[in-house]
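Asker: Would you mind keeping the following structure in view while I ask a few things?
The values are calculated or read from the model by the stated rules, or taken from the named source; none is laboratory data. Not measured: the values here are computed from a predicted model. Heads up, the Cβs are rebuilt from the backbone with ideal geometry, glycines too, and the neighbour counts pull from every protein chain shown. Surface areas here come from the heavy atoms of the whole protein model, side chains and all, with no ligands, DNA or RNA. Shrake-Rupley method; radii C 1.70, N 1.55, O 1.52, S 1.80 Å.
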Amino acid sequence: MGSMEWTAESLEARILEIVRDDILSVDQSFSVESDLIAAGLESMGVTQLMLAIEESTGVWVDESLLTPANLASVRSLAACVHEQLAGS
Amino acid sequence: MSSSPVVDAIPLTGADCMLRAFDREARRYHGASHASQLVLRLGAGLDRQRLRGLVEGLVADAPIVGASIRRPWLGLPVYDLREPSAPRLREHRVAPRRGMPGAFIEAMNETFDARRGELLRFDLVSYEDGSSDLALTWLHMLLDGSGSESFVKALADKANGARDRIGLAVGGEAETDLSFRDRGLRAREWQRFLGGFADHPTASPAGRLQRVPQRSRYRVLTLTRDETARATETAAAKAGFLTPVMFYMAVALRAHHALMAARGTVPPSYVVPLPVNIRPRGGEDAVFRTHVSMLWFQVRSDAVGDFDALLAELKRQRQEMIKRGLVDSGRCAIDFARYMPAFLFDRMVRSTLGGELCSFFFAFTGTFLDGVSEFCGAPIENGFHVPAVLPSPGSCVAMSVFAGRLNLTHVYQAGAVEESESEQLVESARRELLA
């Protein structure tokens with residue numbers, strides 16, 4: 001999928017899918033607003049997540065951009081990735 | 001009421017067996033053990049009687065702490081729990097409190113008899129002002145850094161009545177769906193990856209493996225809370241707040257480069273392994289046995305001069321290794337240590353870099369004893385890890401943060417690294433952390 005096709009909403013949905021299926025052990029109550037750090041996201045997981053996002057969107061988000069605010073939830077992370085996509 | 005099944009043997013993990021091979025090397029070539037240490041610097045108020053009771057009750061709570069390690073004729077190495085030995089608590093009295101107790105440093109150079117269940121020891125040094133220092137020293141294969149912190153947390157909880165017993169939290173195996181053949185292929189891929197490092201040889205401060213006595217020493221740098229806040233902020237800004245480890249590794253790498261440059265013996269490259277915690281999901285409370293894989297970094301010496309360029313290169317390599325699945329491949333390769341005689345595994349890992357294991361050891365374990373502020377009635381003033389380091393490479397930098405203060409421990413082998421070189425290395429790292 002090319003970068004122009006991604007909306008903030010579709011990114012949220014894709015990132016939520018990656019997080020649920022491949023990165024964290026969370027149940028169905030985990031939502032786009034759930035706290036990623038509290039759910040167990042750590043150093044290895046965040047890099048795996050960024051690699052999966054890169055595979056989907058073609059954009060690499062450097063770890064230095066992953067501030068506590070950007071990693072507060074899938075929603076805030078999707079907004080960060082979307083911003084990168086818009087600038088790429 | 002449910003009861004746990006009686007278990008009389010627990011298999012060593014692949015990482016345990018790798019460390020057992022290093023322990024064999026330490027015993028055979030250096031007359032000591034491959035032991036790690038965790039240090040608690042305590043304020044006044046330690047209840048010694050409670051501590052003695054804790055140590056005495058350990059074997060009943062968690063027999064693995066005194067299990068003998070053996071390899072059955074037809075089988076894989078195991079912790080034999082049938083007749084566990086009681087760990088020892090040695091009490092020393094020193095006055096006044098000045099620097100690190102010599103007893104702790106010497107504990108790193110003693111021999112543990114794993115075949116008789118001698119796997120861990122406690123050393124307590126008491127001072128006239130009522131304060132004390134406590135060291136837990138253990139054969140590295142029993143506990144990794146994360147496990148050792150869980151162990152001390154469990155001890156602290158039992159001491160203050162928050163739990164009845166320590167429990168036998170040995171943790172499950174890292175999960176894999178791979179067949180034996182596929183695991184073999186992954187292990188070969190990992191070996192090929194490491195084999196590529198030979199194009200740019202490295203040299204550690206100690207040089208290649210030799211028969212020299214083990215003489216571990218260490219010094220600890222503790223930053224103030226303000227300095228730590230500054231270093232942590234820089235690390236997060238440059239490397240990401242969940243992955244500051246790359247920043248700290250760059251600091252350690254440049255400090256070693258400065259040491260080698262001062263000697264006039266800069267090698268073509270630096271090779272640094274980074275332990276990766278591979279506890280299976282849900283197994284975060286696993287205490288005993290080691291649950292690690294490794295990522296291996298190689299940086300050419302001419303790429304170390306610019307900090308930001310070095311950091312970018314380390315980050316690139318980490319991403320590439322994770323993308324290629326080398327964490328899992330490393331686990332598969334390390335797992336073969338279970339099936340090979342220790343000497344053969346040791347020879348194999350040493351042969352990759354012409355007798356060197358790596359340029360130095362490095363670890364960043366994040367927040368130390370998160371949420372624990374008291375031990376047996378005494379406030380914990382500071383705490384840190386002292387990892388095992390073999391006489392070759394002879395140098396290790398470990399960092400962690402306790403109560404908002406960053407500790408940097410430089411563990412080195414006297415003879416391989418001079419005391420003045422260690423001082424300079426730590427000072428060089430300090431400057432870099434606060435740049």
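Asker: State yes or no: is residue B:327 away from chain A (no Cβ under 14 Å) and either β-branched (Val, Ile, Thr) or closer than 24 Å to residue B:150 by Cβ (or both)?
Answerer: On the way: away from chain A (no Cβ under 14 Å): no; either β-branched (Val, Ile, Thr) or closer than 24 Å to residue B:150 by Cβ (or both): yes.
Against the criterion (away from chain A (no Cβ under 14 Å) and either β-branched (Val, Ile, Thr) or closer than 24 Å to residue B:150 by Cβ (or both)), residue B:327 does not qualify.
Asker: Residue B:262 is checked against (1) without any contact (Cβ under 8 Å) to a residue 60 or more places away in the chain; (2) in a helix (DSSP H, G or I) and fails just one. What number does that condition carry?
Answerer: For residue B:262, the exception is condition (1).
Asker: Restricting the search to region B:232-284, which residues are of a type outside the set (A, V, I, L, M, F, W, C), more than 14 Å from every other protein chain (Cβ to nearest Cβ) and closer than 29 Å to residue B:404 by Cβ?
Answerer: Narrowing region B:232-284 to residues of a type outside the set (A, V, I, L, M, F, W, C): B:232-234, B:238, B:240, B:243-244, B:248, B:254, B:256-257, B:263-265, B:267-270, B:273, B:275, B:277, B:279-284.
Filter once more, keeping what is more than 14 Å from every other protein chain (Cβ to nearest Cβ): B:254, B:256-257, B:263-265, B:267-270, B:273.
Listed by number, the residues that qualify are B:254, B:256, B:273.
Asker: Kindly evaluate residue A:53 against the criterion of being open to solvent by less than 80 Å² (accessible area, probe 1.4 Å) and either assigned to a helix (DSSP H, G or I) or farther than 21 Å from residue B:279 by Cβ (or both). Lay out the reasoning, then the answer.
Answerer: Details: open to solvent by less than 80 Å² (accessible area, probe 1.4 Å): yes; either assigned to a helix (DSSP H, G or I) or farther than 21 Å from residue B:279 by Cβ (or both): yes.
Yes; evaluated as a whole, the condition is true for this residue.
Asker: Given the options B:145, B:195, B:130, B:184, name the one that is in contact with a strand residue (DSSP E or B) (Cβ under 6 Å, 6 or more places away or on another chain) and open to solvent by less than 50 Å² (accessible area, probe 1.4 Å). I'd like the intermediate steps shown before the answer.
Answerer: Working: B:195 fails: in contact with a strand residue (DSSP E or B) (Cβ under 6 Å, 6 or more places away or on another chain); B:130 fails: in contact with a strand residue (DSSP E or B) (Cβ under 6 Å, 6 or more places away or on another chain); B:184 fails: in contact with a strand residue (DSSP E or B) (Cβ under 6 Å, 6 or more places away or on another chain).
Result: B:145 is the single residue among B:145, B:195, B:130, B:184 that is in contact with a strand residue (DSSP E or B) (Cβ under 6 Å, 6 or more places away or on another chain) and open to solvent by less than 50 Å² (accessible area, probe 1.4 Å).
Asker: Which of the residues belonging to region A:11-42 are surrounded by 20 or more Cβ atoms within 10 Å (Cβ to Cβ) and within 14 Å of chain B (Cβ to nearest Cβ)?
Answerer: A:19, A:23, A:36, A:41
Asker: Out of B:417, B:386, B:426, report the one residue that is closer than 22 Å to residue B:260 by Cβ, β-branched (Val, Ile, Thr) and open to solvent by less than 10 Å² (accessible area, probe 1.4 Å). First the steps, then the outcome.
Answerer: Numbers: B:386 fails: closer than 22 Å to residue B:260 by Cβ; B:426 fails: open to solvent by less than 10 Å² (accessible area, probe 1.4 Å).
Step by step, each of B:417, B:386, B:426 is checked, and only B:417 is closer than 22 Å to residue B:260 by Cβ, β-branched (Val, Ile, Thr) and open to solvent by less than 10 Å² (accessible area, probe 1.4 Å).
Asker: Okay, next question. May I ask you to list the residues in region B:65-107 that are closer than 24 Å to residue B:148 by Cβ and surrounded by fewer than 11 Cβ atoms within 10 Å (Cβ to Cβ)?
Answerer: B:99
Asker: Which count do you get for residues in region A:62-88 that are out of contact with any helix residue (DSSP H, G or I) (no Cβ under 8 Å at 6 or more places or on another chain) and free of Cβ contacts under 8 Å to residues at least 12 places away in the same chain?
Answerer: First, the residues of region A:62-88 that are out of contact with any helix residue (DSSP H, G or I) (no Cβ under 8 Å at 6 or more places or on another chain): A:68, A:72-73, A:76, A:83, A:86-87.
Applying the additional criterion that residues be free of Cβ contacts under 8 Å to residues at least 12 places away in the same chain yields A:76, A:83, A:86-87.
Within region A:62-88, residues that are out of contact with any helix residue (DSSP H, G or I) (no Cβ under 8 Å at 6 or more places or on another chain) and free of Cβ contacts under 8 Å to residues at least 12 places away in the same chain number 4.
Asker: Could you pull out the residue among B:349, B:372, B:397, B:401 that is open to solvent by less than 10 Å² (accessible area, probe 1.4 Å) and either over 23 Å from residue B:193 (Cβ atoms) or not in a loop (DSSP other than H, G, I, E, B) (or both)?
Answerer: Details: B:349 fails: open to solvent by less than 10 Å² (accessible area, probe 1.4 Å); B:372 fails: open to solvent by less than 10 Å² (accessible area, probe 1.4 Å); B:401 fails: open to solvent by less than 10 Å² (accessible area, probe 1.4 Å).
Answer to the check: B:397.
Asker: A follow-up question, please. For region A:43-87, what are the residues that are under 17 Å from residue A:26 (Cβ atoms), within 14 Å of another protein chain (Cβ to nearest Cβ) and not hydroxyl-bearing (Ser, Thr, Tyr)? Give the steps one after another, and end with the answer.
Answerer: From region A:43-87, those under 17 Å from residue A:26 (Cβ atoms) are A:44-46, A:48-49, A:52, A:71-78; that's our starting set.
From the residues that got through so far, the ones that are within 14 Å of another protein chain (Cβ to nearest Cβ) too are A:44-46, A:48-49, A:52, A:71-72, A:76-77.
Once the filter is applied, which keeps residues that are under 17 Å from residue A:26 (Cβ atoms), within 14 Å of another protein chain (Cβ to nearest Cβ) and not hydroxyl-bearing (Ser, Thr, Tyr), region A:43-87 yields A:44, A:45, A:46, A:48, A:49, A:52, A:71, A:72, A:77.
Asker: When only residues in region B:29-64 that are crowded, with 23+ Cβ neighbours inside 10 Å and among the polar types (S, T, N, Q) count, which is nearest to the chain's Cα centre (by Cα)?
Answerer: B:36
Asker: If you check B:122, B:193, B:151, B:197, which single one turns out to be among the aromatic types (Phe, Trp, Tyr) and in a strand (DSSP E or B)?
Answerer: The conditions single out B:122.
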